[in-house]
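Here's the structure we're looking at; comments come further down.
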Amino acid sequence: MRKPDLSVEIAGITLRNPIMTASGTFGYGEEFAEYVDLEKIGAMITKGLSLKPKAGNPTPRIVETTGGMLNAIGLQNVGIDAFIEKKLPFLRTVATPVIVNFFGNTLEEYAELAERLDKLPEVAALEINISCPNVKHGGIVFGTEPKAAYSVVKAVRDATIKPVIVKLSPNVTDIVEMAWACADAEADALSLINTLTGMAIDLASRRPVLANVTGGLSGPAVKPVALRMVWQVARAVKIPVIGIGGIMTGTDALEFMLAGATAVQVGTANFLNPSAAQRIAEEMEQYLINHGIDDVKELIGALQV
């Protein structure tokens, strides 16, 4: 029996299957190498990078919640110099596209990072985290105001010839408006959703559980919101959409594709089971076999409304 075709294309990059690992849940790839065959997934997305190393927030900074988890890691990372020196050598050995997620606090920082990453042949594409405050303009989060989002995506677009994926925040009034702004700035693809802002309270101490007070909610609890937003955005833009939010099984992943996603990212599931991404890819393949579907691309946007 001929195996179904699971390959998809995002911004000129061919993925062997639609499964990507979400930034911040898969380290820099090497940490998961003994648990996952990295050449059985579609792409790896690194932990978010900044120009300088970042220590992140004080602990506690992760708490389990009903149907998910809250995290307030604070974008802890090694910085671009250590990434190039210590993390890239391993990534060179893996025949799976590497996408680097990155962030800044000013337009200039975003552009400088994009320029430096542009020179690295091992990096297949860039994913911009726009859920960061613009310190030069009163701390407004780039990803919650269309003009600010446009400006940061345009700054990155002008600094690199690599494909640019923009990760959208769900903490907005109208996600379609944000998607349009990023598409107008010549983003090649959109990934959504980033985490929803939430909090947990300890009744006994009458204090927040997280030292940061609030954190980002992820996991199965956010999946219905994520599906709705992916469906809205995929119908509104002409560039590929990557679905994120509570994907724990192959069924979850295929639901996002029906909603219009070309590929998906697996995040919180990696904490529960470090081999989750590979298992989900295998479950997708089995579904296609069981239902006589030759090509996974037949399911993209095939939702009947």
In whole percent, the fraction of accessible protein surface over the chain that belongs to carbon or sulfur atoms, probe radius 1.4 Å, stands at 53 percent
Scalar couplings 3J(HN,Hα) for the stretch 204-214 by Karplus 6.51 cos²θ - 1.76 cosθ + 1.60 (θ = phi - 60°), nearest whole Hz, x for Gly and Pro, are 4, 8, 6, 10, x, 6, 7, 4, 7, 6, 10
With all protein chains present and a 1.4 Å probe, the order of 16, 2, 61, 92 from largest accessible area down is 2, 92, 16, 61
Taking a probe of 1.4 Å and leaving out DNA, RNA and ligands, the chain shows per residue an accessible area in Å² of 44 Å²
Residue by residue through the stretch 145-157, the couplings from Karplus 6.51 cos²θ - 1.76 cosθ + 1.60 with θ = phi - 60°, in Hz, x for Gly and Pro, are 9, x, 5, 5, 4, 4, 5, 6, 5, 5, 4, 6, 4
With Cα springs under 10 Å, the Gaussian network model of the chain assigns the largest mean-square fluctuation among 208, 240, 274 to 208
For residue 162, the lysines lying under 28 Å Cα to Cα, once residues fewer than eight places off in the same chain are dropped, come out as 40, 47, 52, 54, 86, 87, 119, 136, 147, 154, 238, 297
Largest-first semi-axes in Å of the equivalent ellipsoid built from the Cα gyration tensor of the chain are 27, 23, 21
Taking placed amide H atoms and a strict 5 Å upper bound, the residues 5 or more places from residue 5 or on another chain that come that close are 295, 296
Charge dipole of the stretch 250-305 built from unit charges on the beta carbon (Lys, Arg +1; Asp, Glu -1), centred at mean Cα; most positive-end Cα among 284, 262, 302 is 262
With every protein chain in place, the accessible area of residue 227 for a 1.4 Å probe, in Å² rounded to the nearest 10, comes to 40 Å²
Along the stretch 295-305, Karplus-curve 3J(HN,Hα) (6.51, -1.76, 1.60; θ = phi - 60°) to the nearest Hz, with x for Gly and Pro, reads 9, 4, 5, 4, 8, 5, x, 8, 4, 9, 10
Taking only the alpha-carbon atoms of the stretch 143-252, the convex hull volume per residue, in cubic angstrom, is 130 Å³
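For the stretch 1-91, which GluC sites (Glu not before Pro) are both in a DSSP coil and crowded by at most 13 other Cβ atoms within 10 Å? Provide the component values of the computation, followed by the final result.
On the way: sites: 9, 30, 31, 34, 39, 64, 85; in loops: 34.
In loop regions of the stretch 1-91 (DSSP not H, G, I, E or B), the sparsely surrounded GluC sites (Glu not before Pro) are 34.
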Taking alpha-carbon centroids only, the stretch 17-63 lies from the stretch 228-244 a number of Å equal to 23 Å
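The values are calculated or read from the model by the stated rules, or taken from the named source; none is laboratory data. Keep in mind that what you see is a predicted model, and the values were worked out from it rather than measured. Because the Cβ atoms are built from the backbone with ideal geometry, glycine has one as well, and the counts that use them run over all protein chains shown. Areas reflect the complete protein model, heavy atoms only, side chains present, ligands, DNA and RNA absent. Shrake-Rupley method; radii C 1.70, N 1.55, O 1.52, S 1.80 Å.
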